[in-house]
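Below: one structure, written as structure tokens.
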């Protein structure tokens, strides 16, 4: 995960939220990472992160067994076209049953598939380069959205 974090942190204009104990974020988010395009260092008010790294199960998201040691999941907003290309599924169609505990494979996000999100548990040899490419594309898409927003609508 550290190498991937270093790659994302090097993107121009990236803002990383990494909630930790003692900060303003709820305990459930501690240890996770949320990435935005925000060159001014301010979280965009009307924009979701374009990528996240989660390090544990959430109450409504436990199919990936992230509470097991050394497991984490990269989530990336890729949009509809890339979602179909990567998964072979329509994001709005009923989900195809699959093993969400598998590592180093791309699959539809367990909760946000309909919004065009994909996930990879422990990206590695098979998906590492793809993950970086998808992250760069998601970052650039977030940059383009930010440039289209009127000033003051961060």
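The values are calculated or read from the model by the stated rules, or taken from the named source; none is laboratory data. These numbers were taken from a predicted model, which means no experiment stands behind them. Here the Cβ positions follow ideal geometry from the backbone for every residue, glycine too, while neighbour counts run over all protein chains shown.
Things to note:
- Screening 73, 144, 133 for residues that are exposed (fewer than 13 other Cβ atoms within 10 Å of the Cβ), under 24 Å from residue 17 (Cα atoms) and under 14 Å from the mean Cα position of the chain (by Cα) leaves exactly one candidate, 133.
- Count - residues of the stretch 131-150 that are farther than 21 Å from residue 34 by Cβ and in contact (Cβ under 8 Å) with a residue 40 or more places away in the chain: 0
- Positions within the stretch 21-41 being in a loop (DSSP other than H, G, I, E, B) and either surrounded by 11 or more Cβ atoms within 10 Å (Cβ to Cβ) or touching a strand residue (DSSP E or B) at 6+ places or on another chain (Cβ under 7 Å) (or both), in sequence order: 23, 25, 30, 31, 32, 38, 39, 41
- Residues of the stretch 90-130 satisfying the condition of being surrounded by 14 or more Cβ atoms within 10 Å (Cβ to Cβ), touching a helix residue (DSSP H, G or I) at 6+ places or on another chain (Cβ under 6 Å) and in a loop (DSSP other than H, G, I, E, B): 91, 116, 123
- For the criterion of being farther than 29 Å from residue 125 by Cβ, modelled with pLDDT of 95 or more, touching a strand residue (DSSP E or B) at 6+ places or on another chain (Cβ under 9 Å) and surrounded by 15 or more Cβ atoms within 10 Å (Cβ to Cβ), residue 44 fails.
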